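What follows is a set of notes on a single structure, which appears directly below.
The values are calculated or read from the model by the stated rules, or taken from the named source; none is laboratory data. The shown structure was predicted, so the numbers you read here are calculated from the model rather than taken from an experiment. A quick note on method: Cβ atoms are made from the backbone with ideal geometry, for glycine too, and the neighbour counts reach across all protein chains shown.
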């Protein structure tokens with residue numbers, strides 16, 4: 001079974017998807033973490049992102065792996081779960097995600113690791129591009145202040161601090177890029193179930209999704 005959860009940054013996708021996967025004993029796949037890991041490698045290599053040959057070479061040499069619970073991501077054998085939530089990655093990941101070669105390679109990877117498995121995938125184009133025929137599709141969203149507070153709490157967990165106003169500006173800029181990009185833009189699949197998570201707890205979000213799946 002394929003459960004697709006899409007939505008903008010800070011809408012609650014990752015925590016909710018992980019909890020749903022745990023409750024159902026499914027594999028959780030955070031596709032956004034994959035794009036962040038590739039962004040980290042490109043930044044480390046100081047690559048010119050307009051150079052398609054170099055980007056393809058990096059992708060050919062890169063090995064991405066996730067642990068069995070989907071909580072950690074490994075880049076060429078290195079656990080980079082903490083590094084990929086940095087401010088620098090946040091500012092660059094949308095731009096890197098818009099590179100056609102990167103997107104095609106990671107979509108193919110996401111489909112392969114989901115093959116013949118029960119999975120909960122979360123991202124921005126799961127229900128529209130990666131698995132348009134997913135068994136269940138959900139689109140999560142929340143108001144910008146709530147999303148910013150959630151991002152701030154996430155940063156604190158990894159030892160970083162961000163002012164709410166700065167985070168709001170970053171999220172707005174990210175939204176503009178994600179919604180307007182020509183390659184796999186963020187949008188709700190026509191048959192996705194919408195869920196406003198602004199005033200919902202994680203348990204309430206998970207219960208909502210589980211109830212829909214069980215029906």
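Tabulated results
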quantity: Output for the range 81-117, where each listed residue is outside any helix (DSSP H, G or I), surrounded by 13 or more Cβ atoms within 10 Å (Cβ to Cβ) and over 15 Å from the mean Cα position of the chain (by Cα); calculated: 99
quantity: Residue 181 being under 18 Å from residue 34 (Cβ atoms), surrounded by fewer than 19 Cβ atoms within 10 Å (Cβ to Cβ), out of contact with any strand residue (DSSP E or B) (no Cβ under 8 Å at 6 or more places or on another chain) and modelled with pLDDT of 95 or more; calculated: no
quantity: Conditions (1) over 15 Å from residue 10 (Cβ atoms); (2) touching a residue at least 40 places away in the same chain (Cβ under 8 Å); number of the one not met by residue 112; calculated: (2)
quantity: Test: residue 75 is buried (at least 19 other Cβ atoms within 10 Å of the Cβ), at pLDDT 95 or above and closer than 22 Å to residue 45 by Cβ; calculated: yes
quantity: Selection from the range 47-60 of residues that are over 22 Å from the mean Cα position of the chain (by Cα) and either in a helix (DSSP H, G or I) or modelled with pLDDT of 90 or more (or both); calculated: 52, 53, 54, 57
quantity: Hits in the range 192-206 (condition: touching a helix residue (DSSP H, G or I) at 6+ places or on another chain (Cβ under 9 Å) and surrounded by 12 or more Cβ atoms within 10 Å (Cβ to Cβ)); calculated: 192, 193, 195, 197, 198, 200, 202, 205, 206
quantity: Qualifying residue in the range 158-169 (condition: under 19 Å from residue 16 (Cβ atoms) and either surrounded by 14 or more Cβ atoms within 10 Å (Cβ to Cβ) or in contact with a helix residue (DSSP H, G or I) (Cβ under 9 Å, 6 or more places away or on another chain) (or both)); calculated: no
